[in-house]
Each structure stands twice: as structure tokens, then as C-alpha cells.
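Below is one structure, written out as C-alpha cells; comments come after it.
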Amino acid sequence: MPALRSIKFSVPANLAKYVRRDVAREARTMASRGTLPLPPNENAIVLFFLAHDSDEEIKTNARNSLIGMPDVIAKAFLADQKTHPLIMDFFARNVKPESGVLETIALNPATHDETIT
């Protein structure tokens, strides 16, 4: 298994319109609030990318929106083996331990070994 930091994650084409650097700041700001009409797993992808945006406000909004997702929604997509390991790692490092989300991540066979460690 390659090191977690060496894993690449490209935004799917259908979601690029929300996260590309050439997208208007207002649109990225709106997306960073988690208000897009997307399924939770796609919303998580958009928020994950925006949580790494160069604009501090967008980055902060996206991180807060991602971490602030209701546990039941987060658990649903974090239990899916198709969820990208970097998203699972992000949650593992940022959610409150009492949320129960960590157990979901730990039980997913797709979770990277470094995340478990």
C-alpha cells in the first residue's frame, strides 16, 4: 500500500465546476457552506477539495461544513468502500471521538493503514 501522502485524488469531472480555481469565488464560497443539492458522498468530495482551497474563508467554511455533517450522514458514506482514503483520513483526524464516526472509519476495509495507526 503506498504512503497516504503519496495518494492522489482528482476531482470527478461532474464536480469540477464547483472547485476549480477559475470558478467564481462566490460560487466556491456557496459550495464551501455545504449547500449544494448533491448526494452526501459528492458533497463530501466538493467540501474536501475546498477544505484545501487557497482562500482562507473558503477553506475554513469547507472544513467546518465537512466536520459538521450530521454523524448519520457521515457514517453512511464513510462506511462505503468507494470513499477515498484521503476523505476518511480527514475525518479521522478532525471529528470528535465520541461521534462514533471513528469506529465506522476503522471498520471500513478501504481505510488506509496510516489512518488506522
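The table below lists the values:
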item: Proximal lysines relative to Lys96, as straight alpha-carbon distance under 16 Å, when same-chain residues fewer than 8 apart are discounted; result: Lys75
item: Nitroxide proxy distance, nm - points 7 Å out along Cα→Cβ at Val23 and Ile7; result: 2.2
item: Largest-first principal axis extents, alpha carbons of the chain, Å; result: 38, 29, 24
item: The chain, relative contact order in percent, only Cα pairs under 8 angstrom and at least six apart counted; result: 23
item: Cβ crowding within 10 Å averaged over residues, with 44-56, 2-14 ranked highest first; result: 44-56, 2-14
item: Under Karplus coefficients 6.51, -1.76 and 1.60, residue-wise ³J(HN,Hα) of the stretch 50-58 in Hz, glycine/proline x; result: 5, 5, 10, 5, 6, 7, 4, 5, 5
item: Solvent-accessible heavy-atom area per residue, rounded to whole Å², over the stretch 1-91 at 1.4 Å; result: 55
item: Highest-first arrangement of 28-34, 65-71, where packing means the average Cβ count within 10 Å; result: 28-34, 65-71
item: Residue-averaged 222 nm ellipticity for the chain, from DSSP H runs of 4+ at -39500 (n - 2.57), nearest 500; result: -14500 deg cm²/dmol
item: Debye, to nearest 20: dipole size of the chain, +1 on Lys, Arg Cβ, -1 on Asp, Glu Cβ; result: 280
item: Karplus (6.51, -1.76, 1.60) ³J(HN,Hα), θ = phi - 60°, over the stretch 8-18, in Hz, Gly and Pro reported as x; result: 9, 9, 9, 5, x, 4, 5, 10, 4, 5, 9
item: Carbon and sulfur %, accessible surface of the chain computed with the full protein complex present, 1.4 Å; result: 54
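The values are calculated or read from the model by the stated rules, or taken from the named source; none is laboratory data. These numbers come from a predicted model, not from an experiment. For neighbour counting, all protein chains shown are included, and Cβ atoms are generated from backbone atoms with ideal geometry for every residue, glycine included. Note: accessible area is taken over every heavy atom of the protein model, side chains too, but ligands, DNA and RNA are not part of it. Shrake-Rupley method; radii C 1.70, N 1.55, O 1.52, S 1.80 Å.
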